[in-house]
Amino acid sequence: MNLPRKIIIGNWKLNDTVAEGTVLLHKIHQELKGFSTATIIVCPPATHLYPLHRELTSLKSEPKIELGAQNISDFESGAHTGEVSAIMVRDLAKYSIIGHSERRTHYGETDDQITRKVAIALEHGLQPILCVGENLQQRHDGKAHQVVLDQLNTDLADVTAAELKKVIIAYEPIWAIGTGTFAKPAEIEDMLRLIRNALVQSFGQLASTESRIVYGGSVDAENAKTILNLQGCDGVLVGGASLKPKEFATIVRATDK
Ligand code: PEP
């Protein structure tokens, strides 16, 4: 039986012009020349999706790099100035990050909005990369499990068992994002197990076995192999290090057994 490929997701956040992003994409492709055994997804700013989609169409050799948006609107269309909808993104990208902690914290995004975004993404053929995770206070208060379970319960409320396999869940403890401190291996394994068990409870054994759960939070070239080899870890979501082509390539290559 073929093992499912590990997933490496780069979140470029609010960085790089279109010209710089194009160079970055080519550098990543060049660094990983011929590499074909991981699913590689980069999530640039929305303005970059169209030009990068065109660039990728012209790159015929391995590695295959796929695109994700960093966010979509919780509406399909209408009077929502500044928003970008799933319908606009779906021709350019296969995935969208949804519910990143920066959106929850800085932009007040609620779990109800995230529920709608997940449903809209699936309805229009985009695969959600759903981010969940606790903050430091919640972990210190012993509430980390409950926070993540509550987020999952709400955010996946409108997802069917058949749709679940299209959802990538990213466990991202907020205290580990952009801090240089990644969660301890035992903490990561514990949360990945908790999430998998919650999916089994809500969606049944088969559906949950097929869904993919990744870790995010200060993943870098040094710690990638350790994290990728953890029990239940299907991949990583990488922020800062995804802007450095050599380092991002090292993380992708760490998926090799
Ligand atoms: C992120 O943006 O989701 C992230 C995990 O960032 P970093 O890798 O920089 O911690």
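Inverting the mean 1/r over all pairs of different Cα atoms, compute the Kirkwood radius of the chain and quote it in Å. Before the final figure, lay out the partial values.
Numbers: mean 1/r = 0.0548 Å⁻¹.
This gives a value of 18.3 Å.
Could you check the spin-label model distance between residue 145 and residue 158? Points 7 Å from the Cα along Cα→Cβ, value in nm.
3.1 nm
Go through 206, 226, 89 and say which Cα lies farthest out towards the positive end of the charge dipole of segment 6-253; charges sit on Cβ, +1 for Lys and Arg, -1 for Asp and Glu.
226
If 193, 90 are ordered by their accessible area, calculated over protein heavy atoms with a 1.4 Å probe, which sequence runs from highest to lowest? Could the numbers behind the result be given before it?
Values: 193 130, 90 105 Å².
Largest accessible area first, the residues go 193, 90.
Can you grab the distance from the C-alpha centre of segment 144-198 to the C-alpha centre of segment 2-74, Å, no decimals?
23 Å
For the chain, what is the accessible area per residue in Å², given a 1.4 Å probe and the full set of protein chains? Present the calculation step by step, with values, prior to reporting the outcome.
Values: 12050 Å² over 257 residues.
Per residue, the chain has an accessible area of 47 Å².
Helix hunt in the chain: which complete DSSP H runs extend at least 24 Å axially by C-alpha with mean Kyte-Doolittle at least -0.5? Intermediate values should be presented prior to the final figure.
Values: long enough: 185-203 (27 Å, 0.21).
Both cut-offs are met by 185-203.
Give me the Debye-computed log₁₀ of I(q)/I(0) at q = 0.10, 0.11 Å⁻¹ for segment 17-148, equal point scatterers on Cα only, no solvent, two decimals.
-0.39, -0.47
Compute the distance from the alpha-carbon center of segment 200-248 to that of segment 82-104, in whole Å.
Cα centroid to Cα centroid, the span is 20 Å.
Using a 1.4 Å probe and ignoring any ligands, DNA or RNA, find the accessible area of residue 109 and quote it in Å² to the nearest 10.
Estimated to the nearest 10 Å², residue 109 gives 20 Å².
The values are calculated or read from the model by the stated rules, or taken from the named source; none is laboratory data. Everything numeric in this text was worked out from a predicted model, so none of it was measured. Please note: Cβ atoms are built from the backbone with ideal geometry, for glycine as well, and neighbour counts cover all protein chains shown. Note: accessible area is taken over every heavy atom of the protein model, side chains too, but ligands, DNA and RNA are not part of it. Shrake-Rupley method; radii C 1.70, N 1.55, O 1.52, S 1.80 Å.
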